[in-house]
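Data block below; observations after.
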Amino acid sequence: MEQLRRLSPLQNALYMAGGILLVIGAALPVFVADFGTAFFVFAAGLFPFVWMQLLQGYDGRRLIVRRLRRQQLLGALLLVVTAALMFTHWQHIRPLSGDEWKVTLAIAAFLELYAAFRLPQELQKGEG
């Protein structure tokens, strides 16, 4: 039976907490005037979320699952780029001090959500 590597309960808790902090950090600029707080909350969630995604590898041979894992990791990379763009926006570093971070965040969210729904479906197909 092929599956993603299992995370320990502590790793799973870090993964979930990181995801929650990512969502809160992405939503804070809408509600809070202090963009620095949003950046720090986003960055605090980014590291455990991406780290646990990297630990949760796939060693199987199914092409579709491997493609979905690559898309998931591309989403994680785009989340790192989003954090960097949020930092340049917060610090007004030119030439990327606008709202470019919203574009990379939207693409990363799409890739992460797509992989989150499709990976379990593909792994179940392999079992049956």
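Since every read-out is calculated from the coordinates, none of them should be taken as a lab result. Nothing here was measured: the structure is a model prediction, and the numbers come from that model. As a convention, Cβ positions derive from the backbone with ideal geometry for all residues, glycine included, and neighbour counts pool all protein chains shown.
Worth a mention:
- Normalised contact order of region 1-49, rounded percent, pairs of Cα under 8 Å and 6 or more residues apart: 43 percent
- Taking 0.36 nm per residue of sequence separation and removing the Cα-Cα distance, the LEU10/ARG94 pair yields an extension gain of 26.3 nm.
- Along principal axes, Cα extents of the chain, largest first, whole Å: 52, 29, 20
- Computing FRET efficiency as 1/(1 + (r/R0)^6) for PHE31 and TYR114, where r is the C-beta to C-beta distance and R0 is 22 Å, gives about 0.20.
- Relative contact order for the chain, counting Cα pairs under 8 Å that sit 6 or more residues apart, in percent: 26 percent
- Three-way shape label, region 79-120, alpha-carbon gyration tensor, a/c 1.5: prolate
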